[in-house]
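Colleague: Attaching a single structure in C-alpha coordinates format; questions to follow.
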Amino acid sequence: MAYVEVIRNTPFIVQLFYVYFGLVAVGINLDAYTVAILTLTINCGAYCTEIIRAGIQSIHRGQSEAGLSWA
(Lines give C-alpha, C1' and ligand atoms only; values in the text may rest on other atoms or scores of the structure.)
Protein backbone atom coordinates (compact mmCIF):
# COMPACT_ATOMS: atom_id res chain seq x y z
CA MET A 1 0.00 0.00 0.00
CA ALA A 2 2.85 2.39 0.80
CA TYR A 3 4.53 1.58 -2.53
CA VAL A 4 1.40 2.51 -4.48
CA GLU A 5 0.84 5.71 -2.50
CA VAL A 6 4.43 6.91 -2.84
CA ILE A 7 4.63 6.18 -6.55
CA ARG A 8 1.22 7.62 -7.39
CA ASN A 9 1.81 10.81 -5.38
CA THR A 10 5.12 11.80 -6.95
CA PRO A 11 5.58 13.04 -10.51
CA PHE A 12 7.19 10.65 -12.96
CA ILE A 13 10.09 13.01 -13.68
CA VAL A 14 10.93 13.15 -9.96
CA GLN A 15 10.90 9.36 -9.80
CA LEU A 16 13.15 9.27 -12.85
CA PHE A 17 15.66 11.62 -11.21
CA TYR A 18 15.59 9.67 -7.94
CA VAL A 19 16.27 6.38 -9.68
CA TYR A 20 18.87 7.76 -12.10
CA PHE A 21 20.90 9.71 -9.55
CA GLY A 22 20.10 7.44 -6.60
CA LEU A 23 21.51 4.35 -8.25
CA VAL A 24 24.72 6.21 -9.13
CA ALA A 25 25.03 7.31 -5.50
CA VAL A 26 25.04 3.69 -4.32
CA GLY A 27 27.47 2.61 -7.03
CA ILE A 28 25.15 1.13 -9.66
CA ASN A 29 25.81 2.65 -13.07
CA LEU A 30 23.09 2.07 -15.66
CA ASP A 31 22.53 3.87 -18.93
CA ALA A 32 19.68 6.34 -19.27
CA TYR A 33 17.53 4.02 -21.40
CA THR A 34 17.67 1.21 -18.83
CA VAL A 35 16.83 3.58 -15.99
CA ALA A 36 13.89 4.99 -17.98
CA ILE A 37 12.49 1.50 -18.63
CA LEU A 38 12.99 0.52 -14.98
CA THR A 39 11.29 3.67 -13.69
CA LEU A 40 8.44 3.35 -16.17
CA THR A 41 7.90 -0.25 -15.09
CA ILE A 42 7.78 0.74 -11.42
CA ASN A 43 5.39 3.62 -12.19
CA CYS A 44 3.05 1.59 -14.40
CA GLY A 45 3.07 -1.24 -11.87
CA ALA A 46 1.69 1.05 -9.17
CA TYR A 47 -1.01 2.46 -11.45
CA CYS A 48 -2.03 -0.98 -12.74
CA THR A 49 -2.19 -2.30 -9.18
CA GLU A 50 -4.57 0.52 -8.25
CA ILE A 51 -6.74 -0.10 -11.33
CA ILE A 52 -7.05 -3.81 -10.54
CA ARG A 53 -7.78 -3.10 -6.85
CA ALA A 54 -10.53 -0.65 -7.77
CA GLY A 55 -12.02 -3.11 -10.26
CA ILE A 56 -12.15 -5.90 -7.71
CA GLN A 57 -13.69 -3.64 -5.06
CA SER A 58 -16.36 -2.40 -7.49
CA ILE A 59 -17.89 -5.87 -7.75
CA HIS A 60 -20.89 -6.18 -5.45
CA ARG A 61 -20.62 -8.79 -2.71
CA GLY A 62 -23.68 -10.65 -4.01
CA GLN A 63 -22.12 -11.00 -7.44
CA SER A 64 -18.98 -12.47 -5.93
CA GLU A 65 -21.03 -14.97 -3.90
CA ALA A 66 -23.06 -15.89 -6.99
CA GLY A 67 -19.90 -16.52 -8.95
CA LEU A 68 -18.47 -18.69 -6.19
CA SER A 69 -21.67 -20.76 -5.97
CA TRP A 70 -20.91 -22.33 -9.38
CA ALA A 71 -17.50 -23.52 -8.29
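The values are calculated or read from the model by the stated rules, or taken from the named source; none is laboratory data. Predicted model only: the values in this text are computed from it and were never measured. Here Cβ is always computed from backbone atoms with ideal geometry, including for glycine, and neighbour counts include all displayed protein chains. With ligands, DNA and RNA removed, areas are computed over all heavy atoms of the protein, side chains included. Shrake-Rupley method; radii C 1.70, N 1.55, O 1.52, S 1.80 Å.
Colleague: From the list V14, V24, which one is among the aliphatic types (A, V, I, L, M) and modelled with pLDDT under 95?
Modeller: Of V14, V24, the one residue that is among the aliphatic types (A, V, I, L, M) and modelled with pLDDT under 95 is V24.
Colleague: I'm checking my understanding of the structure. Among residues of region 1-19 that are part of a loop (DSSP other than H, G, I, E, B) and open to solvent by 80 Å² or more (accessible area, probe 1.4 Å), which one is nearest to A54 (Cα to Cα)? Even if it seems obvious, please write down each step before you answer.
Modeller: Within region 1-19, the first condition is being part of a loop (DSSP other than H, G, I, E, B), and the residues that meet it are 1, 9-11.
Next, from what is left, pick out any that are open to solvent by 80 Å² or more (accessible area, probe 1.4 Å): 1, 9.
On the way: M1: 13, N9: 17 Å.
It comes out as M1.
Colleague: Additional query: Would you pick out the residues in region 3-29 that are touching a residue at least 24 places away in the same chain (Cβ under 8 Å) and of a type in the set (D, E, K, R)?
Modeller: Result: R8, single match.
Colleague: Report, by residue number, each residue of region 20-71 that is open to solvent by less than 100 Å² (accessible area, probe 1.4 Å) and not in a helix (DSSP H, G or I).
Modeller: Scanning region 20-71 gives G27, I28, L30, D31, S58, I59.
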